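Just so it is clear, none of the values below were taken in a lab; they were calculated from the coordinates. What you are looking at is a predicted structure, and each value in this text was computed from that prediction instead of being measured. Neighbour counts run over all protein chains shown; Cβ positions are idealised from the backbone, glycine included.
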Amino acid sequence: MRKIIHVDMDAFFASVEMRDNPALRNVPMAVGGSSDRRGVLSTANYLARKFGVRSAMPTATAMKLCPQLVLVRGNYDKYSEASEQVHEVFLRYTDFVEGLSLDEAYLDVTSCDLFQNSATWIAEDIRKKIFEKTGLTASAGIAPNKLIAKMASEYNKPNGQFTIAPWMVDDFMKTVPVEKIHGIGKVTAKYLHDLGIKTCLDMQRYTRSELIHLLRKFGDALYDYCRGFDEREVITEYERKSLSNESTFDRDISDFEEMKSQLITMVSDLKESLLSYEDREIKNLHVKIKYHDFKQTTIERQLPLEEENFLLLLEERWSQDPRPVRLLGVGVKFYDEICEEYEELQLDLLTNDSA
């Protein structure tokens with residue numbers, strides 16, 4: 001049986017800033033763009049979160065919730081350096097490290113012979129060494145697989161850890177809300193809730209064939225997930241599924257010609273980035289629009305990688321709702337057979353929901 005640790009740094013960007021500037025430690029603060037330039041928060045410290053401030057929130061909204069919020073402009077190079085130091089700590093314990101982002105990773109410590117092979121003690125020491133090396137705290141979840149380890153890491157944040165031993169899995173999973181399961185987004189969660197499936201215990205009452213009937217191939221995986229079974233290995237090499245480029249404007253754009261000009265620049269930058277992925281097959285192009293009221297829409301088509309195709313997508317979608325725009329984005333999705341089944345399911349659920 002595997003021993004998996006999910007490590008999640010606590011309010012990572014904000015914690016780096018508080019480490020480097022002690023004056024920020026006892027005030028609500030967040031990292032992000034300014035409110036007068038359409039900024040969005042990357043993260044917020046725990047004092048700010050008590051006011052309802054969250055990551056990905058528009059800065060203007062955050063300032064209304066917490067007028068005393070101290071805003072710090074992000075420094076990606078500094079966060080990247082801290083992340084590298086954290087990953088150096090991970091590699092002292094195992095070569096099987098799957099980085100999910102700068103501040104989050106899975107570790108397979110099944111073969112680690114330190115601390116009598118106790119994953120709980122190993123996680124404690126990892127968190128201790130991270131703090132000694134970086135001055136930053138981390139939380140951890142310890143479990144027999146990735147699915148449960150990620151859930152467990154949320155239980156004692158910040159600066160804590162939680163272990164779910166194999167004998168605890170059955171009882172633990174019965175209480176888990178279905179939206180906590182890997183791969184279940186808002187659309188699927190709503191669909192399941194409408195069917196009366198709100199917890200994993202509710203889902204366990206369905207046979208495998210019934211779940212496959214309801215959710216196709218994804219139902220097969222959920223039959224196992226809702227029981228705490230997860231055979232996914234810790235993957236040490238990440239394969240990118242998509243690539244995109246977007247820009248938030250200093251002012252709303254109402255003129256379509258100006259939108260086209262902005263889009264052309266973004267497509268050019270995207271093509272340059274794609275030179276590093278010449279071995280990947282592009283499946284779809286997409287254009288993203290966010291309006292002045294934060295309503296967001298995305299249009300996606302299977303088209304050749306040409307500038308005029310992005311412009312056609314922009315025109316098609318914006319003409320359906322021609323209002324001032326605050327953000328535009330362009331991107332591509334790479335071919336991924338595994339993801340296609342789930343994406344088709346999500347589309348079907350959306351279609352059925354709106355029918």
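Assorted remarks:
- Positive-end residue, the chain charge dipole about Cα centroid, Cβ charges, pick of GLY160, GLY74, ILE289: GLY160
- The chain, relative contact order [Cα under 8 Å, separation at least 6], %: 15
- Ordering SER273, ASN309, SER319 by the projection of their Cα atoms onto the charge dipole of the range 242-342, which places +1 on the Cβ of Lys and Arg and -1 on the Cβ of Asp and Glu, puts SER319 at the extreme positive end.
- Over 32 Å between alpha carbons, listed pairs LYS146/LYS198; LYS3/LYS288; LYS157/LYS271; LYS198/LYS283; LYS64/LYS190; LYS198/LYS271: LYS3/LYS288; LYS157/LYS271; LYS198/LYS283; LYS198/LYS271
- For VAL86, VAL16, order by how many other beta-carbon atoms lie within 10 Å, fewest first: VAL86, VAL16
- Loop-resident sites, the range 226-273, for chymotrypsin sites (Phe, Trp or Tyr not before Pro), counting at most 15 other Cβ within 10 Å (DSSP): PHE229, TYR238
- Within the range 41-193: Cβ-based charge dipole about Cα centre, in debye rounded to nearest 20 (Lys, Arg +1; Asp, Glu -1): 900
- Modelled label reach - ARG92, point 7 Å along Cα→Cβ, the range 104-137 residues with backbone N closer than 16 Å: 112-116, 121-137
- Rounded, prolate or oblate (a/c below 1.5 giving rounded, otherwise prolate when a/b exceeds b/c) for the range 176-225 by Cα gyration tensor: rounded
- Magnitude of the charge dipole, the chain, Cβ model with Lys/Arg +1 and Asp/Glu -1, debye to 20: 1580
- Estimated from helices alone, the mean residue ellipticity of the chain at 222 nm is -12500 deg cm²/dmol (sum of -39500 (n - 2.57) over DSSP H runs with n ≥ 4, per residue).
- The GluC sites (Glu not before Pro) of the range 209-247 that meet both conditions, a loop assignment by DSSP and at most 12 other Cβ atoms within 10 Å of the site Cβ, are GLU231, GLU237, GLU239.
- Options MET9, PHE90, PRO22, ranked by Cα towards positive dipole end of the chain, top entry (Cβ charges): PRO22
- With neighbour counts taken as other beta-carbon atoms within 10 Å, the residues MET203, MET168 rank, fewest first, as MET168, MET203.
- Taking the three principal axes of the alpha carbon atoms in the range 1-164, the coordinate ranges are 53, 26, 24 Å, sorted in descending order.
- Sequence-separation-based contact order of the range 1-164, relative, with Cα cut under 8 Å and 6+ spacing, percent: 28
- Excluding same-chain neighbours fewer than eight residues apart, the aspartates and glutamates reachable from LYS129 by a Cα-Cα span under 18 Å are ASP8, ASP10, GLU81, GLU84, GLU88, ASP95, ASP103, GLU104, ASP108, ASP113.
- Cα gyration tensor shape for the chain, rounded if a/c is under 1.5, else prolate or oblate: oblate
- Estimated FRET transfer efficiency (ASP321, GLU210; beta-carbon r; R0 35 Å; 0.05): 0.35
- The ranking of TYR291, TYR106, TYR76, TYR191 by Cβ neighbour count inside 10 Å, starting from the fewest, reads TYR76, TYR291, TYR191, TYR106.
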